[in-house]
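Below is one structure, written out as structure tokens, with a few remarks after it.
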Amino acid sequence: MAGKEVSGRNDINRRTFLAQSARGTAALGLSTAFVKGASAERPPRVDPNEPSVGSLPDPDGPIRLGFIGVGGIGFRHMWRFWELREDGYNLDIRAASDCYQQRKAQAASWAEAAIGHRIDTYFDYRELLERDDIDAVVIAPPDHWHALCTIHALEAGKDVYCEKPLTLTAEEALEVRNAVYRTGRVFTCGAQRTSDPAYRRARQFVEDGSLGSIIAVHADVGMNFSTAANPDSSGVWDWHIDPNASDDPGAGDFYIDWRQWLGPAPERPYSAPRFFRFRKFWDYSGGITTDFSFHQVAPLHIALGCGAPEQAAATGGRYLHRDFMEVPDTLAGSLDYPEDFSMLLTASIANSRGSANMIRGSRATVIFEDWGRIHVEAENGHRSWFAERHGSESLIINAMEETGQTATSRDAHRRNWLDCIRTREQTNCPVEIAADTMVGMRMIVDAYRKEQTIYWDREQEAYVDSHPRPNRRSKFPEIEA
């Protein structure tokens with residue numbers, strides 16, 4: 001069955017930019033495998049202890065970090081990584097890149113005060129990647145840049161922490177995965193809940209059959225930054241728009257290299273709302289699904305041990321926010337998996353009354369409560385059976401206490417990446433989890449935007465026109481009446 005393109009991106013513009021990027025990358029001595037159109041076929045995985053490009057960090061020296069994108073979350077990563085030195089992590093920060101001169105200046109000024117020396121800053125991240133005194137990079141630009149920055153960093157021999165979502169499209173996610181495989185570099189995606197031990201603890205109940213057949217999975221996100229004084233605010237993405245910012249090179253610290261920022265996105269004149277509030281626009285983001293639901297679905301994939309979904313449907317809209325925002329403020333979607341279960345996703349930035357993630361089985365249900373805690377409850381007809389196996393019909397498990405983990409959220413995730421750079425082991429959010437999650441999140445986006453059911457063939461790793469398993473037993477009876 002032939003694959004089809006449904007991502008809706010400006011492919012001609014993207015190819016033009018990638019060709020330009022290839023020329024610039026080649027000038028810096030970096031590989032152009034991705035921008036030349038590397039095959040999506042999964043290559044053999046190179047051993048991270050013997051990467052095909054770059055070298056291993058000095059075991060007795062600091063892990064030398066560079067940062068690509070030092071706006072809100074990127075700048076936060078800088079100082080939070082630096083604070084880990086207080087917990088014994090040996091690291092140094094060498095350089096940063098950003099398209100906004102003010103952010104470059106802020107990063108350099110902070111480094112001089114906090115670290116004791118200024119760092120080099122760049123508009124073009126490829127200049128940062130050219131340096132041989134950087135072991136690893138943290139990538140946190142807008143989503144439309146994640147694929148190119150990550151692949152170029154891997155090809156430059158750097159270990160990578162890429163913020164979620166992994167990419168903007170499903171196809172790009174496969175290319176990132178392949179780049180990790182062929183380079184052997186250590187990679188993690190910034191879906192911090194994958195460092196919550198509760199999901200790996202829940203995996204044990206899935207694997208040993210305690211939940212029975214998995215029927216349905218629920219993933220929910222709820223937040224609301226509106227107030228009585230500002231009832232229409234979409235505050236979660238209403239980041240400050242600097243009125244002095246400009247694409248005029250003579251604007252000094254307020255200069256934005258707009259062409260560099262646009263990168264592979266469609267060409268358009270400078271727009272302050274697009275730059276400062278990029279998550280509201282389809283050219284640069286998948287909205288609440290890729291920004292927030294990604295955080296829920298990635299760890300659920302770990303608990304379930306599943307791959308990418310094969311069918312998606314979605315509905316929703318801009319029910320509260322009426323500004324220039326293109327993406328919905330509320331969305332409900334469903335994903336069907338070849339393992340024969342459904343995942344139901346709900347997300348809203350207009351209401352904060354969310355519900356817990358859960359895995360519903362024929363014998364028991366796992367409910368994910370606070371960080372590290374799960375509640376496992378047997379179904380009525382299976383209480384005695386469940387109690388015989390586990391000593392009780394209902395279990396409250398604190399996976400933090402069981403594992404001895406003390407750090408939560410982003411700190412746990414940052415620590416895990418740094419630990420794996422040293423050990424060369426797989427991170428808590430490996431590229432396979434990130435890529436399969438990205439496929440599902442993009443399918444939801446496509447289903448919403450196109451108002452149609454979207455299909456993905458896991459074997460072909462491509463969009464297809466109809467269900468890849470038309471005779472699946474989950475839809476049709478095995479016995480005629």
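The figures follow:
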item	result
Long-range Cα-Cα pairs in the chain (distance over 34 Å), rounded percent	35
Spatial separation of Cα centroids for the stretch 177-202 and the stretch 205-257, in angstrom	21
Karplus-derived 3J(HN,Hα), 6.51/-1.76/1.60, for each residue of the stretch 80-88, Hz, glycine and proline x	6, 4, 4, 5, 5, 4, 5, 9, x
Long-range HN-HN contacts of Arg363 with modeled amide H, under 5 Å	Gly212, Ser213
Amide proton proximity set for Val464, modelled H, under 5 Å, gap of 5+	Lys4, Tyr455, Trp456, Asp457
Sequence-distant residues sharing a close amide H with Ser52 (under 5 Å, placed H)	Gly184
Check: the chain dipole with +1 on Lys, Arg Cβ and -1 on Asp, Glu Cβ, in debye	460
Debye log10 I(q)/I(0) at q = 0.13, 0.18, 0.24, 0.28 Å⁻¹ for the stretch 237-300, Cα point scatterers	-0.44, -0.73, -1.03, -1.21
Ranked packing of 331-344, 189-202, most packed first, by mean Cβ within 10 Å	189-202, 331-344
Rg/Rg_ref, the stretch 48-115, where Rg_ref = 2.2 N^0.38 Å and atoms are Cα	1.23
Computed [θ] at 222 nm, deg cm²/dmol, the chain (DSSP H ≥ 4; -39,500 (n - 2.57); rounded to nearest 500)	-9500 deg cm²/dmol
In degrees, nearest ten, helix 197-207 long axis to first principal axis of the chain (Cα)	40
Net dipole in debye of the stretch 151-204 [+1 Lys, Arg Cβ; -1 Asp, Glu Cβ; about Cα centre; nearest 20]	380
Distance histogram in 5 Å bins (all Cα pairs of the stretch 204-336, percent per bin)	2, 8, 14, 16, 14, 13, 11, 8, 6, 4, 2, 1, 0, 0
For the stretch 234-330, with +1 on Lys and Arg beta carbons and -1 on Asp and Glu, the positive-most of His295, Gln260, Ala245 along the dipole	His295
For the stretch 277-318 versus the stretch 381-420, the gap between their alpha-carbon centres in whole angstrom	25
Size descriptor, Kirkwood hydrodynamic radius, that averages inverse alpha-carbon separations across the stretch 373-416, Å	12.3
Those trypsin sites (Lys or Arg not before Pro) in the stretch 34-132 that DSSP places in a loop and that have at most 16 other beta carbons within 10 Å	Lys36, Arg45, Arg118, Arg131
Beta bridges per DSSP with both ends in the chain, % antiparallel, nearest 5	60
Taking the convex hull of Cα positions in the stretch 398-437, its mean projected area over all directions (nm²)	3.5
Listed peptides 239-250, 395-406 by packing density, highest first (mean Cβ within 10 Å)	395-406, 239-250
Using θ = phi - 60° and Karplus 6.51 cos²θ - 1.76 cosθ + 1.60, couplings along the stretch 376-390 (whole Hz; Gly, Pro as x)	10, 10, 6, 5, 3, x, 10, 5, 5, 4, 5, 5, 4, 7, 10
For Thr423, Thr365, order by how many other beta-carbon atoms lie within 10 Å, fewest first	Thr423, Thr365
Length gained when the stretch Ala356-Asp133 is fully extended (0.36 nm per residue, less Cα-Cα span)	75.9 nm
Furthest towards positive pole of dipole, Phe476, Gln452, Ala462, structure part the stretch 432-481, Cβ charges	Gln452
Cross-link pairs Lys164/Lys450; Lys450/Lys475; Lys280/Lys475 - those with Cα-Cα distance over 27 Å	Lys280/Lys475
Estimated inter-spin distance, Ser392 and Asp208, nm [label 7 Å along Cα→Cβ]	1.5
Asp253/Asn49 FRET efficiency (R0 41 Å; Cβ-Cβ; nearest 0.05)	0.40
J(HN,Hα) series, the stretch 467-481, from Karplus relation 6.51 cos²θ - 1.76 cosθ + 1.60, nearest Hz, glycine and proline x	4, x, 10, x, 10, 4, 6, 6, 10, 10, x, 8, 10, 7, 6
Whole-percent pair-distance distribution, where bins are 10 Å wide, for the alpha carbons of the stretch 349-393	26, 41, 23, 8, 1
Those aspartates and glutamates that a straight Cα-Cα span of less than 17 Å connects to Lys104, excepting residues fewer than 8 apart in one chain	Glu112, Asp120, Asp124, Glu127, Asp242, Asp247, Asp248, Asp253, Asp257
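Bear in mind that the values in this text are calculations on the coordinates, not laboratory data. Fair warning: this is a prediction, and the values are worked out from it, not measured in the lab. Note that each Cβ is placed from the backbone with ideal geometry, even for glycine, and that neighbours are counted across all protein chains shown.
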